[in-house]
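Here the structure comes first, spelled out in structure tokens, and everything after it is commentary.
The values are calculated or read from the model by the stated rules, or taken from the named source; none is laboratory data. What you are looking at is a predicted structure, and each value in this text was computed from that prediction instead of being measured. Cβ atoms come from the backbone with ideal geometry, glycine included; neighbour counts cover every protein chain shown.
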Amino acid sequence: MLTEAEILTALQDVKDPEIPVVSIVEMGLIAGVEIGEDRVRIRITPTFAGCPAVEVMRAEAEQRLRALGVQNVKAEITFDPPWDSNRISEAGRRKLREFGLAPPRRREGALDLIQIQFVACPYCGSEDTVLESAFGPTLCRAIHYCNNCRQSFEQFKPL
Amino acid sequence: MNQIALKELLFRLADDEVIIGHRNTEWTGLGPIVEEDIAFASMAQDELGHAQIYYSLLHALGEADPDRLAFLRDASAFHCAQLVELPKSDWAFSVARQFLYDAAETVRLAALSQSAYAPLAQAARKFAGEEKYHFMHGKTWVTHLGQATAESRARMQAALDHAYPYALGLFETAEADAAMAAEGLCAPEVELKRVWLALITPILTEAGLALPTAAPVEGGRRGQHTEHLTALLNDMQLVFRSDPEAVW
């Protein structure tokens, strides 16, 4: 029988097609793993409910787990618990930054959208940045401008 | 659990989202500035995603699959409020409608997060975080346009006056509402409306805009719609109806 660690290692190969450097494990999408005799069930909690990449990631996760030799594999979408941006791991944050996508700050308490404004530029690290638009090229991205290195950049939205 | 009341509640939620989502896609390529083009397209994508999930909950209760629910029903089978079916009109109207609608959704999702139907409560908790971005957007523009110039204020007020009676129709009740409240599926509409008014009134005041006084335009929750919904469905359903069995 597989261990949870082996399953999570395998799922490191499954990436968000819109951010192909970060795995679904690092993004905090895995809400649960259940292992039985020749049977694995995982639950995926999507970042944004309308994210068009969810079905792609769900199907790839099943395919990757089948490649481990498990016959009965099921990956299900859940909103329990709802995903929030604190679920992104430290490795995930670093990879987002390297990809040019500023990770959202860790927050305490409920989401207050004032938080979206305080973000460091992923290119130069400056905090002298301004929010240009809370809506960007995908549901999960906002557009900012860095006054220091004078470049536009995107942030993965706090949620 | 009262299945009739639960299904009616889900149809209202799903139909409001799919229709306003479709209306908001109509700004794609036509927004006054590129950021707003993207904002309305993003909000539309969220709304269509939420509609799909509400329809999936209906499917789990024995209704047809989400595509068939969205694309094969006629106008009289839709439970959306008339507010969402009105043409996108000018920018001021779309901003006013979105502000009033998103405020109502903010209030409604908070109530639904406590719903006795667990799958609905989980979905509502999820959508509430996303909806914060929509409401911030509407609030920002209403405040900005209300305070900017005499023309922007006048156009914003006219748009608000036009949208407001229809927005009151979001809180229309029908026979099933007593069961919805009794079973703890959702808070009563009259209570949601009270919280909604308390949310929008100070924002409009701050923006220098007057809260209109008007009688509600109702009927949508009972399947009575404007001619605009039929026209919208003719567009939205055209491709699917041309071959409902096609595999995409």
B:Ala178 meets each of (1) surrounded by 13 or more Cβ atoms within 10 Å (Cβ to Cβ); (2) closer than 22 Å to B:Leu86 by Cα with one exception, condition (2)
Pull up the stretch A:18-37, narrow it to residues that are in contact with a Gly (Cβ under 9 Å, 6 or more places away or on another chain) and surrounded by fewer than 22 Cβ atoms within 10 Å (Cβ to Cβ), then point me to the one that is farthest from the other protein chains (Cβ to nearest Cβ). A:Val25
Quick check on this structure: which one of A:Ile88, A:Ile77 is within 14 Å of chain B (Cβ to nearest Cβ) and under 20 Å from the mean Cα position of the chain (by Cα)? A:Ile77
Which count do you get for residues in the stretch A:38-68 that are away from chain B (no Cβ under 14 Å), among the hydrophobic types (A, V, I, L, M, F, W, C) and in contact with a helix residue (DSSP H, G or I) (Cβ under 9 Å, 6 or more places away or on another chain)? 6
Find the residue count for the stretch A:100-141, including only residues that are aliphatic (A, V, I, L, M), outside any loop (DSSP other than H, G, I, E, B) and under 20 Å from the mean Cα position of the chain (by Cα). 4
What number of residues in the stretch B:110-161 are among the small types (Gly, Ala, Ser) and part of a loop (DSSP other than H, G, I, E, B)? 4
So which pairs qualify, if the first residue must be in the stretch A:98-115 and over 18 Å from B:Glu130 (Cβ atoms) and more than 11 Å from chain B (Cβ to nearest Cβ), the second must be among the aromatic types (Phe, Trp, Tyr) and assigned to a loop (DSSP other than H, G, I, E, B), the Cβ gap must be under 8 Å, and the two must be at least 6 apart or on different chains? A:Gly100/A:Tyr123; A:Arg105/A:Phe118
Please determine whether any residue of the stretch A:132-142 is among the acidic types (Asp, Glu), within 14 Å of chain B (Cβ to nearest Cβ), surrounded by 14 or more Cβ atoms within 10 Å (Cβ to Cβ) and farther than 30 Å from B:Pro119 by Cβ. yes
Determine if the stretch B:130-141 includes at least one residue that is among the small types (Gly, Ala, Ser), at pLDDT 95 or above, within 26 Å of A:Asp112 (Cα to Cα) and out of contact with any helix residue (DSSP H, G or I) (no Cβ under 6 Å at 6 or more places or on another chain). no
Can you tell me which residues in the stretch B:56-65 are out of contact with any Lys or Arg (no Cβ under 7 Å at 6 or more places or on another chain), part of a helix (DSSP H, G or I) and either away from chain A (no Cβ under 13 Å) or exposed (fewer than 14 other Cβ atoms within 10 Å of the Cβ) (or both)? B:His59, B:Ala60
Consider B:Glu206 carefully, then state whether it is surrounded by fewer than 16 Cβ atoms within 10 Å (Cβ to Cβ), touching a helix residue (DSSP H, G or I) at 6+ places or on another chain (Cβ under 7 Å) and in contact (Cβ under 8 Å) with a residue 24 or more places away in the chain. yes
